[in-house]
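Right, one structure below, let's go through it.
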Amino acid sequence: MKKKIIIFILGAIIVIALDQITKAAIVGRFFIHESHTVIDGLFNIVYVMNPGAAFGFLANMSGTFRYCFFTGITAVVILLIIYYIVKSKPQNMLMVVSLTLIFGGAVGNLIDRLRFGAVVDFLDVYIGTAHWPAFNVADSAISLGAMLMIWGMIMNRGKTHSS
């Protein structure tokens, strides 16, 4: 039990710190919508503020609605993750790591919403004129955590059915 709590706390701190440090660097060095090519035809650093969620979800809703909705949903997710980490089996470390990444990313983006009313995004991946929506370290942690969780569930499903 103690090991998973330490991994959870340290991992979350690392994700949140990396997220906030990179966002502070962008906000401090770039003008809004400023873009710099890193790898031509593939990757830019661009400073955008995303008032919605992934792919601009709910971006056109009122600021008050977005603030309440995203803050409320994030608070519920954070509480559920903490509950699961405390109650989960100690040997399921992949789930702990997955939830740690999701938690750290959720907190990182929540900090932006509380500070700015929107999330700082700056990683712009594209091929030619086809752009993936800009994202950040927190989004990457959430995505990686979700992928690891799905992979762990698939791997554990096979073990459960073969027993």
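The values are calculated or read from the model by the stated rules, or taken from the named source; none is laboratory data. It should be emphasised that the depicted structure is a prediction, and the values quoted were computed from it without experimental measurement. Heads up, the Cβs are rebuilt from the backbone with ideal geometry, glycines too, and the neighbour counts pull from every protein chain shown.
Points worth noting:
- Residue match in segment 116-124 (condition: under 24 Å from residue 44 (Cα atoms), part of a helix (DSSP H, G or I), more than 10 Å from the chain's Cα centre (by Cα) and at pLDDT 90 or above): yes
- Residue in segment 39-47 that is at pLDDT below 95, touching a helix residue (DSSP H, G or I) at 6+ places or on another chain (Cβ under 7 Å), of a type in the set (Gly, Ala, Ser) and under 21 Å from residue 133 (Cβ atoms) present: no
Quick grid of which residues meet (1) part of a helix (DSSP H, G or I); (2) surrounded by 15 or more Cβ atoms within 10 Å (Cβ to Cβ); (3) without any contact (Cβ under 8 Å) to a residue 40 or more places away in the chain:
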position	(1), (2), (3)
36	no, no, yes
45	no, yes, no
48	no, yes, no
60	no, no, yes
65	yes, no, yes
68	yes, no, yes
79	yes, no, yes
106	yes, yes, yes
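- Pair list, Cβ under 9 Å, 6 or more apart: segment 135-156 residue under 20 Å from residue 51 (Cβ atoms), other residue surrounded by fewer than 14 Cβ atoms within 10 Å (Cβ to Cβ) and modelled with pLDDT of 95 or more: 137/21
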